[in-house]
Amino acid sequence: MIKYKDTRWMWLVLPFNASTGSLSTLITLQILTLGGNALDVSFALSLSNAVLIPSSLFWGFMADRMDRKKQILISMGGTSASLLLMPLANSIPLLAINYSLITFMSTASTTPFNLLVMESAEKKHWGQLFSRFSFLSSMGMLTSLILSTILVVFLKIYEIEEILGIIALATLIAGIKLIPRPILTFERVAILHHKESFLTRMRHLPMMFLHIPNPHSFKIFSWRRIKTKPTNYIPLLYLGIVTFYISSGIFNTVYPAGLYVKGLDKSGVLTVITVGMVFQIIGFKVSGLLLEKAEEKKIAYLSLLLRGLSYSVLGVFAQVFFGLPIFISGLIFYPLAAGIAYSLFYSSSTTLVFKIVGERSQGKGLGVYSTVVGVSLFLGSLLSGYFTHYIGYGVDFMIAGSLLVIDAILFKYLEEG
């Protein structure tokens with residue numbers, strides 16, 4: 001019989017994720033309600049993505065120095081306070097700033113939560129515990145989306161954000177009692193030595209710095225290195241992941257806005273995003289089984305094709321149709337892209353990265369990876385606003401899809417290298 005230490009604290013992950021899981025979609029709808037456009041949405045979400053690098057640096061270093069419980073409680077308290085202040089953000093710039101503050105505060109709990117999982121059981125039980133942790137996290141995000149989908153019919157968006165703030169505050173109060181102070185303390189580097197811990201950590205925040213990379217670290221992207229086999233494996237893998245995150249930023253940043261502009265009401269927009277989350281949860285359950293039977297690079301290649309083609313189809317519908325066809329196509333192709341394809345690509349590509357950082361210079365390899373991912377997220381979200389504003393939502397989605405098809409070809413080449 002497996003005997004864990006007290007792991008009741010893990011249930012806190014569900015309501016805490018419920019307080020933030022639907023926020024990016026709510027912020028998008030709130031900006032449009034205030035009279036904003038795709039550029040305004042892009043700037044707000046780009047600012048949030050820009051905050052991810054310094055926040056992952058700062059809170060990562062703090063995780064090696066600060067008491068786990070204290071850092072998680074600071075994260076919950078800061079997130080709750082920012083959400084409760086949302087009614088005061090009555091302009092788009094204030095809304096963007098407050099959303100970035102929520103991003104900064106919510107990321108503080110990412111690493112200490114993962115380390116607490118490792119400190120709550122013997123190593124042989126980590127896989128089972130991380131599986132439960134990931135499931136509760138996903139269910140929290142799904143709960144947030146379902147709750148927002150229902151409440152948006154009756155309440156204003158800032159009132160929903162107030163409710164989410166109260167949920168975060170209640171989680172903070174419960175956390176004071178439930179979150180333990182571990183007797184043994186792991187350093188962050190321990191996360192890199194266990195596959196489940198690494199995949200879970202990077203799923204919540206795809207950036208982790210053991211130290212700040214220097215310019216010399218990026219020489220792996222030199223043309224001489226890229227064109228030469230087999231030394232081009234790592235830079236091509238990283239470039240493939242960069243292309244994925246740029247494409248995702250181009251599409252995901254403005255997709256909810258595109259649904260709204262193309263005739264869906266707020267509840268309809270949230271319904272499409274919620275169904276996507278349901279399929280993402282299913283996809284992560286399936287991906288583990290597939291990775292046991294097939295090569296990671298093959299799964300990444302096929303998932304990129306599926307995601308790219310789904311984006312392109314959604315782009316065609318957005319270019320041609322309005323109203324009900326947008327809703328139906330969203331219910332079919334968005335879950336394929338954001339649910340199944342995303343979970344498969346994430347699981348396969350992160351496994352490939354885990355093999356690299358586990359075998360080579362961990363600090364340098366992970367620092368380069370985290371930097372290029374952070375820059376890609378920012379660049380993709382920024383480009384999305386300009387593409388949409390000047391050439392339309394449909395073309396923006398098709399550009400994102402085309403990038404992924406090209407990316408799939410890159411992974412096919414990587415497979416042959």
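Before moving on, here are some points about what is shown:
- Put simply, of Val313, Val375, Val357, Val368 the only residue that is over 22 Å from the mean Cα position of the chain (by Cα) and either under 27 Å from Tyr393 (Cβ atoms) or in a helix (DSSP H, G or I) (or both) is Val313.
- Subset tally (residues that are surrounded by fewer than 18 Cβ atoms within 10 Å (Cβ to Cβ) and among the aromatic types (Phe, Trp, Tyr)) for the range 48-62: 2
- Number of positions in the range 286-326 that are under 13 Å from Ser349 (Cβ atoms) and among the aromatic types (Phe, Trp, Tyr): 1
- On inspection, Ile97 qualifies as assigned to a helix (DSSP H, G or I), touching a helix residue (DSSP H, G or I) at 6+ places or on another chain (Cβ under 8 Å), over 14 Å from Ser19 (Cα atoms) and of a type in the set (Val, Ile, Thr).
- From Met76, Met66, Met10, residue being farther than 13 Å from Tyr99 by Cα, surrounded by 23 or more Cβ atoms within 10 Å (Cβ to Cβ) and not hydroxyl-bearing (Ser, Thr, Tyr): Met76
- Within the range 33-47, considering residues that are at pLDDT below 95 and surrounded by 19 or more Cβ atoms within 10 Å (Cβ to Cβ), the one farthest from Ser376 (Cα to Cα): Gly36
- If only residues of the range 57-72 that are in contact with an Asp or Glu (Cβ under 9 Å, 6 or more places away or on another chain) and of a type outside the set (A, V, I, L, M) are counted, the one that is modelled with the highest pLDDT is Arg68.
- Of the criteria (1) aliphatic (A, V, I, L, M); (2) over 16 Å from Trp11 (Cα atoms); (3) within 18 Å of the chain's Cα centre (by Cα), which one Leu136 fails: (2)
- Extreme residue, surrounded by the fewest Cβ atoms within 10 Å (Cβ to Cβ), among residues of the range 298-333 that are within 23 Å of Gly288 (Cβ to Cβ) and in contact with a Phe, Trp or Tyr (Cβ under 8 Å, 6 or more places away or on another chain): Ile299
- The set of residues in the range 154-177 being farther than 18 Å from Pro87 by Cα and surrounded by fewer than 20 Cβ atoms within 10 Å (Cβ to Cβ) consists of Ala170, Ile173, Ala174, Ile176, Lys177.
- Only one of the numbered conditions (1) touching a Ser or Thr at 6+ places or on another chain (Cβ under 6 Å); (2) of a type in the set (Gly, Ala, Ser); (3) modelled with pLDDT of 95 or more is not met by Ser19, and that is (1).
- Counting only helices (runs of 4 or more DSSP H) that fall entirely inside the range 209-296 and contain at least 1 residues that are under 30 Å from Leu145 (Cβ atoms) and either touching a Lys or Arg at 6+ places or on another chain (Cβ under 7 Å) or among the β-branched types (Val, Ile, Thr) (or both), the qualifying elements are 233-252, 255-261, 266-293.
- Some residue of the range 391-403 being in the same structural domain as Gly283 (by TED's automatic domain parsing), over 28 Å from Ile281 (Cα atoms) and either under 22 Å from the mean Cα position of the chain (by Cα) or not in a helix (DSSP H, G or I) (or both): yes
- Ser80 being touching a Ser or Thr at 6+ places or on another chain (Cβ under 6 Å), of a type in the set (Ser, Thr, Tyr) and in a helix (DSSP H, G or I): no
The values are calculated or read from the model by the stated rules, or taken from the named source; none is laboratory data. Everything numeric here is computed off the predicted structure, so don't read it as measured data. Ideal geometry is used to build each Cβ from the backbone, glycine not excepted, and the neighbour counts take in all protein chains shown.
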